[in-house]
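The values are calculated or read from the model by the stated rules, or taken from the named source; none is laboratory data. Since this is a predicted model, take the numbers as computed values, not measurements. Neighbour counts are summed over all protein chains in view; Cβ atoms, including those assigned to glycine, are modelled from backbone coordinates with ideal geometry. The accessibility values were calculated without ligands, DNA or RNA, using every heavy atom of the protein model including side chains. Shrake-Rupley method; radii C 1.70, N 1.55, O 1.52, S 1.80 Å.
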Amino acid sequence: MIDMAASDFRHPRRHVRLDTILRLRWLAVLGQLAAIFVVLQGLEFDLPVIPCLSVITLSALLNLALQIAFNPMQRLEPRYAAALLAINIIELATLLFLTGGLQNPFSFLFLAPVLISATALPSRLTMALGGLAVACASLLVFFYLPLPWDPEDPLVLPPIYLFGVWLSIVVAIGVTSLYAFQVTEEARELADALAATELVLAREQHLTQLDGLAAAAAHELGTPLSTIVLISRELERALQDNAQVSSDIKMLREQAQRCRDILSKITQLSSTGAPFDRMKLSTLIEEIVAPHRDFGVEIKVRIAVAASKEPVGTRNPAVLYGVGNILENALDFARSAAEVNAWWNDDSVEIVISDDGPGFAPDIIKRIGEPYLSRRRSGGDEAAGEHSGLGLGVFIARTLLERTGAKISFTNRIFPDHGAVVSIVWPRRRFETSESGEMPEA
């Protein structure tokens, strides 16, 4: 089976396009200008317009400089993207300092840069930006220019209210950023794992197509090789008086015959030959089990005898890989033996793979099949029987099998027996007509 590490598909370094950051910064510039216009013209507040416009102008000039100096389509290193988001936080803090500090309802915009970082940048940079936002909000509790309320009816907010605003900003930054990071990370892991699944299936299908190509080549080359053998035999008879030439022709005929024999074997081994296009359930299980024999773990195969005829299914690479991967995991966990049991009736086909190992840990049994879920052994864990292998491989196997209509369940044997049990059940109609289909929606 294919052994792939999670690191082959996971990319811890994330990149954001400069164009994305610039679009958000331009949106912020337009929003700030609109807010100042509304406050000045609509509410008739006497704001420090020149300082505010100076901050916004500097932000716009920075955007223009970045657009001119760099290709907007290039992907930024995480630290550069974080630096631009940090500048956004500082610009917002400066504007809030000029317009009432945390009394300004726009103070909650501190959330925006941190949320963007949580969805696109590494966690350490998100934590740094969150710390910067909290620090700016904390300073604005004590240092700010008050809003120009009506002098005849000034609004004085109690300190406890400002503390509540500060606390709500801090909690919102922490909770929403954590939520956004977790959702984005799970989506990224699922996308990477599905890409790995498609790669595995493509490889299995490619191997099957190579079998077909070999059979076609053997068939096409058989006729010219037969002609070569026939002509060389006739030449050998006609030139038998010339020992040197006769010996060379005999060697030519023998090598041509050898080529015919090799092509004949390729044809017999090919999966595209009529006897192998479809296979009985017992034949399918034997093909899956055969590569894993003689590796120190006994594999017991039991095929139940049923009243109905044994199901015959298409030779499906998804089934071969999926069941084979689960069997390989069972052998990794098994102490001395693993079992493959199969039975069927008119409605369903079931394969159950079990082992005599430690079984599934209670804390992960309900999560088996998630991508990148694994329990890797350290030096101290080996004695406890902890094994790796419950991550990407099982996700791929489960995904491929579910594509064929199978339902998979993971359980442990009932005490006093011990070991893991994996049950794979198909509707009989789906098993006998299953073909490789499209990847299901994530």
Notebook entry, point to check: Compactness ratio of the range 34-85: Cα Rg over 2.2 N^0.38 Å, N = residue count?
Noted result: 1.59
Margin query: Suppose each label sits 7 Å from its Cα in the direction of the beta carbon; what would the Val141-Ser423 distance come out to in nanometres?
Written below: 5.8 nm
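If you stretched the chain out fully between Lys309 and Phe163, how much longer would it get, using 0.36 nm times the residue separation minus the C-alpha to C-alpha distance? Each step should come with its number before you reach the end.
On the way: separation 146, 0.36 × 146 = 52.56 nm, distance 7.58 nm.
Residue separation times 0.36 nm, minus the Cα-Cα distance, leaves 45.0 nm.
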Checklist line | Distant-in-sequence amide H partners of Asn412 (H built 1.01 Å from N, under 5 Å) | finding: Val421
Next item on the list: At 7 Å along the Cα-to-beta-carbon direction for both Ala35 and Glu185, put a label point, then send me their distance in nm to one decimal.
Entry: 3.1 nm
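What does the net charge come to around Val289 if you take all other residues with beta carbon closer than 13 Å to its beta carbon, with K and R at +1 and D and E at -1?
Numbers: positive: Arg293, Lys300, Arg302; negative: Glu286, Glu287, Asp294, Glu298, Glu328, Glu339.
Summing Lys and Arg as +1 and Asp and Glu as -1 gives -3.
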Margin query: Could you give each residue of the range 302-317 its phi-based ³J(HN,Hα) in whole Hz, using Karplus coefficients 6.51, -1.76, 1.60 with θ = phi - 60°, and x for Gly or Pro?
Written below: 10, 10, 6, 8, 10, 6, 7, 5, 4, x, 10, x, 6, 6, 9, x
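So between Ala83 and Leu64, what do we pick up on full extension, going 0.36 nm a residue minus the alpha carbon distance? Intermediate results must be reported in sequence, preceding the final value.
On the way: separation 19, 0.36 × 19 = 6.84 nm, distance 1.66 nm.
Working it through step by step, the gained length comes to 5.2 nm.
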Check: With labels modelled as points extended 7 Å from the Cα through the Cβ direction, what inter-label distance (nm, one decimal) is found for Asp241 paired with Thr411?
Finding: 8.6 nm
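Return the FRET efficiency for the residue pair Ala172, Leu230: r is the Cβ-Cβ distance, R0 is 60 Å, and the value is rounded to the nearest 0.05.
On the way: r = 86 Å, r/R0 = 1.44.
Efficiency computed from Cβ-Cβ geometry: 0.10.
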Next item on the list: For the range 273-343, give the percent of accessible area contributed by carbon and sulfur heavy atoms, probe 1.4 Å, rounded to a whole number.
Entry: 55 percent
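To the nearest 0.05, what FRET efficiency results for Ala337 and Gln255 with a Förster distance of 45 Å applied to their C-beta separation? Please report the intermediate quantities before stating the final value.
Working: r = 48 Å, r/R0 = 1.07.
After rounding, the FRET efficiency stands at 0.40.
To one decimal place, what orientation-averaged projected area in nm² is obtained for the convex hull of the Cα set of the range 67-159?
Working: hull surface 30.4 nm².
Computed as one quarter of the Cα hull surface, the answer is 7.6 nm².
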